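Here it is, the structure in full.
Each value in this text was obtained by applying a stated rule to the coordinates, not by laboratory testing. Everything quoted here is computed from the prediction, not taken from an experiment. All Cβ positions, even for glycine, are placed from backbone atoms using ideal geometry, and neighbour counts span all protein chains on display.
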Protein chains: 4
Amino acid sequence: MSNAILLVHCPDQPGLVATVAAWIQRHRGNIVDLEQHVDAASDTFVLRAEWTLDGFALGRDDIGATFAREVGDAHAMGSEVYFTDERPRVALFVSRLSHCLYDLLSRVDAGELPMDVPVIVSNHDRLRPVADRFGIPYAHIPVTRQTKSVAEADQQRLLADHGVELVVLARYMQILSDGFVDRWQQQIINIHHSFLPAFAGARPYHRAFERGVKIVGATSHYVTADLDEGPIIAQDVVHVSHRDTVDDLVRKGRDTEKLVLARAVRAHIERRVLVVDGRTTVFG
Amino acid sequence: MSNAILLVHCPDQPGLVATVAAWIQRHRGNIVDLEQHVDAASDTFVLRAEWTLDGFALGRDDIGATFAREVGDAHAMGSEVYFTDERPRVALFVSRLSHCLYDLLSRVDAGELPMDVPVIVSNHDRLRPVADRFGIPYAHIPVTRQTKSVAEADQQRLLADHGVELVVLARYMQILSDGFVDRWQQQIINIHHSFLPAFAGARPYHRAFERGVKIVGATSHYVTADLDEGPIIAQDVVHVSHRDTVDDLVRKGRDTEKLVLARAVRAHIERRVLVVDGRTTVFG
Amino acid sequence: MSNAILLVHCPDQPGLVATVAAWIQRHRGNIVDLEQHVDAASDTFVLRAEWTLDGFALGRDDIGATFAREVGDAHAMGSEVYFTDERPRVALFVSRLSHCLYDLLSRVDAGELPMDVPVIVSNHDRLRPVADRFGIPYAHIPVTRQTKSVAEADQQRLLADHGVELVVLARYMQILSDGFVDRWQQQIINIHHSFLPAFAGARPYHRAFERGVKIVGATSHYVTADLDEGPIIAQDVVHVSHRDTVDDLVRKGRDTEKLVLARAVRAHIERRVLVVDGRTTVFG
Amino acid sequence: MSNAILLVHCPDQPGLVATVAAWIQRHRGNIVDLEQHVDAASDTFVLRAEWTLDGFALGRDDIGATFAREVGDAHAMGSEVYFTDERPRVALFVSRLSHCLYDLLSRVDAGELPMDVPVIVSNHDRLRPVADRFGIPYAHIPVTRQTKSVAEADQQRLLADHGVELVVLARYMQILSDGFVDRWQQQIINIHHSFLPAFAGARPYHRAFERGVKIVGATSHYVTADLDEGPIIAQDVVHVSHRDTVDDLVRKGRDTEKLVLARAVRAHIERRVLVVDGRTTVFG
């Protein structure tokens, strides 16, 4: 039971929903889910439609080009086509903390996240035992100020070799260069351990403690050249109190980090995320 | 800036979204919001579409009949048409507690809930001062086992006189007769002070305390002949601890009751609720 | 059934709990609640004890001085004594928005917040009808850059005349002068419409929308000379999505503002808040 | 840095806090945390105190008996003494689902839960690979109606052999006999996949879907002879909508199950839980 997914965005104008829905119907697609939205700030129309491939008149490889020719080009649409039976290949980048790594791997193992993890990359050797437990290659690529460009070249080669299409920074504590980020636009998801824009940058839990906040949070976002400024995919928080030390904030925050990162990765691989104007549309 | 709202439900079949969207477009409606859903359990298709009336080819009074004739009848659709500039007339039923009453009235007063409250009905005289503060007629209709049918006849007459189309039980502690409920199907919204189906019936906070739960909640639902069994529109909870007495549960629960009831009333008057098979679809 | 409340803070040292508890017991007080905490960052001991006055050996007016002489002075303790049957006199400052004002007044009216509101102060005349509804004097004191010091003198006089001991800024959109704030240290509670430290300053919902956050929040804090930097008493958030416009954020945020402000005011008047080092201890 | 923990419960009477605190001080213990509570429904006093062992006048093995002799016996106190450097030995019972198992093991591995897991017990062979990954013995003990008593005898022997003091049912889908439960009173923690008392018993997510609830939850409780009726330690919920299928409820609920079970296990091994009258006190 495989479905096609169409993501569309373009300047808003009347009749777009009907036009797209009619195109799918004309080629004998049965729409099982359709959601659309107009971003009022930028007057941008976004739509996500999912229909059954069974009985559809076009072959998989023809869908994208045919849609563009018959509908998209006339409305200056950006469009992308995906299929629900594709399993994206996802690289996990980590440093010293294991909680997000364990969480993602156990979800993949339980069949909860339909993706493959061909490689784990780290600037430390510390989490190799976790990778070993799951039988996944672990690439230890140390990064210093001096070796950064060489290290990133190694990382890029590794991603290419493993056919990776999404990079998840699962508490990876190095800043990627602008060149790296440009190469992987909207294909790198980070988890930041604060409710952005509060406490962007280093040591957010320490600063949260010093400020005396009553909630701490986590934010998952696409990585852009501006640190911690990329489009937010998911956020959540947990309540804390005066009884909590910095260590308690760290511990409680971890649960939120795990949940928020998993939620963002799931939304991405289910092709429910579109970025417009630096903000995400995350379809239901 | 007034929009039309169309709510549709029918047995699922291919092409329904495209059919409805094309109909709106053909009559020169510009869709600003469309959401659809297929309830897998009952194989029912539900859709909510909203489009601008400005430039629309059909007059308000013709929309419903024209849609039924041109689209709905052929697909066994149930359909309803509303307009965003309509202000529903809503009666509030209360007993002794003021928090939900104050909350709804202050939201109406602040322009947050686009509805009118022509009358407040109560089986006690206690909350008359609140009604007076807002200049709303207050009908004190005592209810006993013996007088119930007479009392309900009085209530019905009052609702008719005031042109009421929605009854909100804002902590009204009397059970309405089956006859009353039948007359107002999906037009009576209740707030129950527990997270149903837990603690249906009387004294839910006391029973929650005795059971030692760590959360208490509130549930807003349409009233049906089966007490506390009607379709749920909104629910929420609040955390409690061993430090909380029954009185604390009552107090903390009130905040949840207020929020949940207001959320349900808003969803209803924005025509975002459809009932299928005893369960609600509450569109985004 | 009236209880005494003792709040204590001092540099930490061994035996403080036992010392304070023994003092209460020696004077025949029956402790009904005792909570203590050591702030690890500043090594400060804080304690809140509540005991029954019935049978207590000391008169109300002697408790504070006797405790200081017999215990507090020897340990460099700051201490305060309150009684649960005191009803603090609280002034509400508002501008144009009614939701926090309505919420607080309806809680007082329902007996949920044990305090009196002798006066409502505003820089606009707009919310006078709300004050009238509750029969509370409404002082319209316009504030401009030029008239600010005169206006604040008027406000101060009014607070003195009404015997006010706590000022609640219930969406009051003027910045109080340093002199005013100094005069009312830890006696002014503000509600800011963001999860501080994110979006301090003006128009937080607009900036939240532009940043594309997935949660918005509210923060209640004591007012200090540094705008939006005072000790945080309560915070909460609500989830939002790409479907929400700025107006939706404003509306959803209001519910959080009401809850958070009410929670902070309650904590203050129940004498459960202590400020140490710019951070609050809010006892259970 | 090891601390002693004292848990006390007894009928309430004046002076208990002072008495306990004075006893700790007299033996030169420095209290770092003390929390007390009076359960109003049963008039029971409960207290948890934690003090530094460094400099304490009594040896570890003497603390319990000395306290009982000098304080506890005179007040009919139940008391327990623990030490923060003890690592409890915990057996995990599982069936087919891996999420709670992975979650607990990864927390232990990351040093987040200070406990040891000497054995994993299951009525299926399915999760053996997970146990292997963590190098933990996996005992496959099938259970049928006929073999139950034999199987439980095997389980009991295994627990004894491994020096287990706490059993965690991490989605173990068999009902333990009354005899087993009696043997391990307040030493078996279960996770039930609903917000009890709603949907006690089998297939809670299916029943939640059929009822059309807008929240699903999870409950962690001590196991008693009455199924799903034991004292609740922790509960939480997650919001769902009409878009969610039963499978979605199951998936979303899993995240809550993991969190709630981990929270309950943590509270237990930190000796923060006391059961009074079928309800838990869970100290901060």
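Can you list, shortest first and in nm, the gaps between the label point of A:Thr84 and those of its counterparts in the other copies, using a point 7 Å from Cα in the C-beta direction?
Taking the point 7 Å beyond Cα along Cα→Cβ, the inter-copy spacings are 3.2, 5.1, 5.8 nm.
Would you mind counting up the charge near A:Arg87? Only other residues with Cβ under 11 Å from its Cβ, with Lys and Arg at +1 and Asp and Glu at -1.
Combined, the nearby Lys, Arg, Asp and Glu give -3.
Now, a different point. Using just the helices of chain C, give the 222 nm mean residue ellipticity in deg cm²/dmol: DSSP H runs with n ≥ 4 each add -39,500 (n - 2.57), and the total is spread over all residues, rounded to 500.
It comes out at -9500 deg cm²/dmol, rounded to the nearest 500.
Give me the one-decimal Kirkwood hydrodynamic radius in Å for the stretch A:199-284, with the sum taken over alpha-carbon pairs.
13.8 Å
Still on this structure: Could the peptides D:10-18, A:146-154 be put in order, highest first, of the mean number of other beta-carbon atoms found within 10 Å of their residues?
D:10-18, A:146-154
Can I ask one more? Relative to the other copies, what are the label-point distances for C:Gly278, with labels 7 Å from Cα along the C-beta vector, expressed in nm at one decimal and sorted shortest first?
When each copy's label point is compared with this one, the spacings are 2.8, 5.1, 5.8 nm.
Need the C-alpha centroid separation for the stretch A:57-119 versus the stretch C:156-209, integer Å.
First find each Cα centre; the distance between them is then 48 Å.
Please report the Cα spread of the stretch B:150-259 along all three principal axes, rounded to whole Å, starting with the longest.
49, 25, 23
Count, for each residue of A:275-282, the Cβ atoms from other chains sitting within 10 Å of its Cβ, then give me the mean as a whole number.
Taking all residues of A:275-282 together, the mean is 3.
Let me ask another. Could you please tell me the mean projected area of the C-alpha convex hull for the stretch B:3-83, averaged over all directions and given in square nanometres to one decimal?
Averaged projected area of the stretch B:3-83's Cα convex hull equals 4.7 nm².
Give me the lysines in straight-line cross-link reach of D:Lys252: C-alpha distance below 27 Å, same-chain residues under 8 apart excluded.
Leaving aside lysines fewer than 8 places away in the same chain, those within reach of D:Lys252 are A:Lys214, A:Lys252, A:Lys258, B:Lys214, B:Lys252, B:Lys258, C:Lys214, C:Lys252, D:Lys214.
Enter the mean number of other protein chain beta carbons within 10 Å of the beta carbon of each residue in B:130-136, as an integer.
Mean shielding by partner chains, rounded to a whole number: 2.
Viscosity 1.306 mPa s, temperature 10 °C: give me the Stokes-Einstein translational D for the protein assembly as shown in µm²/s, with Rh taken as the Kirkwood radius over C-alpha pairs.
This corresponds to a translational diffusion coefficient of 49 µm²/s.
Now for a different question. Suppose you put the label 7 Å out from Cα in the Cβ direction; list, shortest first and in nm with one decimal, how far A:Asp125 is from each other copy's label.
3.8, 7.9, 8.7
Arrange the peptides A:70-81, C:162-173 so that the one whose residues have, on average, the most other Cβ atoms within 10 Å appears first.
Final packing ranking: C:162-173, A:70-81.
For chain B, what is the relative contact order in percent, using Cα pairs closer than 8 Å and at least 6 residues apart in sequence?
15 percent
Pull up all non-local amide H partners of A:Val240: gap of 5 or more, or a different chain, and H-to-H distance under 5 Å with H placed in the peptide plane.
A:Ile215, A:Val216
Each residue of the stretch B:252-268 in order: what ³J(HN,Hα) in whole Hz does its phi give by Karplus 6.51 cos²θ - 1.76 cosθ + 1.60, θ = phi - 60°, with x for Gly and Pro?
For the stretch B:252-268, the Karplus curve yields 5, x, 4, 4, 5, 4, 4, 4, 5, 5, 4, 5, 5, 4, 4, 4, 5 Hz.
Taking every residue in D:216-229, how many Cβ atoms of other protein chains lie within 10 Å of its Cβ, on average?
Mean shielding count: 1.
Is the stretch C:90-282 best put as rounded, prolate or oblate by its Cα gyration tensor, with a ≥ b ≥ c the root eigenvalues, rounded for a/c under 1.5, and otherwise prolate when a/b is larger than b/c, oblate when not?
Rounded.
Turning to a different aspect of this structure: What residue of chain D has the nearest C-beta to the axis that moves D onto B, and what is that distance in Å, given as a whole number?
So the closest residue, with its distance, comes out as D:Ala198, 2.
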